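Accompanying notes for the structure given below.
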Amino acid sequence: MAKKQKKRLRTWVKVVLVSIPVIAGIVCLIVFGFKLKYVSYKSDLNEFTAEEVKAYLDYDGRGNAFTLWFRDKIGQEPDMDLFEDYDVNLKGFDKVEIVAHEKQFKGYIKNDSQLYFFDEDGKMLKNTSDKIKGIPKVVGLNVTNANLYKKVGVTNKKQFNAVLQVANGVDDYDFVVKKIIVNKDCEVTIVINKVQVMLGTTTNLKKKLSDLNDMSKNLKKLKGTLDMRFVNNEGKYILKKTKKH
């Protein structure tokens, strides 16, 4: 081997030997020096607290301030169950600020004194005893287990799937649903103002909801039951008014 080649090889060996501890030190600094301890939080809907966001990050294995910030800045941070989108700002070795557009809860199930708020997939994102305005209550499901960030377990999965189809479907329209009721046959009824709308099964659901949206303005002053279990091609359905006493 020529002298120049040997000299070049020795130089590379020295570089490698020096680089190894430097790289190891940088890795240790990132892993241990940036361990996430504090989260400040800003959002549009205020459905979550900073403590709840921190708990989610710990659960999801994102407890490092630097990697959380860096991956967000280079566009490689995976989606979070809590948010539609978000930004991460590094505020210190152990602190980040998260500014987020939160997911809108699709509904909640009351189980004993607790309210389980779930997303479009049925995952429970919040467990609390306090109601949140504008979120429909779901009635008719029997909860078997409920763990944060997991789909709520129920005795009849078809019932829950029917609820989710309706809860997700109504998002495309202007009317506000107060309650979603499902029976053992997976037939769904929703409550708008003082009208119970019987949607039946989820067959032709899109057509039913579109027809309902066309009628929704006229329902505001009415009280009773609207039968929409079967699609009417002309968009005409029977409203049985509640008798005044």
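The values are calculated or read from the model by the stated rules, or taken from the named source; none is laboratory data. Computed from a predicted structure; not experimentally measured. Neighbour counts are summed over all protein chains in view; Cβ atoms, including those assigned to glycine, are modelled from backbone coordinates with ideal geometry. To get the accessible areas, we keep the full protein, side chains included, count just its heavy atoms, and leave off ligands, DNA and RNA. Shrake-Rupley method; radii C 1.70, N 1.55, O 1.52, S 1.80 Å.
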Connecting every pair of Cα atoms under 10 Å apart in the chain and solving the GNM, the largest mean-square fluctuation among G235, G75, G63 falls on G75
Helical segments meeting 20 Å axial Cα length and Kyte-Doolittle -1.0 threshold in the chain (DSSP H): 3-28
Among the listed pairs K73/K123; K133/K184; K54/K158; K42/K194; K106/K236, which are separated by more than 30 Å between their Cα atoms? K54/K158; K42/K194
So for R62, R71, what's the accessible-area order with a 1.4 Å probe, most first? R71, R62
Under the rule rounded for a/c under 1.5, else prolate if a/b exceeds b/c, else oblate, using alpha carbon gyration tensor axes a ≥ b ≥ c, the stretch 144-213 is classed as prolate
Expected sort for 109-117, 96-104 on mean C-beta neighbours within 10 Å, highest first, is 96-104, 109-117
Cross-link partners of K91 among aspartates and glutamates (Cα-Cα below 16 Å; sequence separation of 8 or more within a chain): D72
Given a cut-off of 16 Å, what percent of all Cα-Cα pairs of the stretch 191-230 lie beyond it? 27
I'd like to check one number: the per residue accessible area of the chain, probe 1.4 Å, reported in Å² as a whole number. 63
Please report the carbon-and-sulfur percent of the accessible area for the chain; probe 1.4 Å, protein heavy atoms only, DNA, RNA and ligands left out. 52
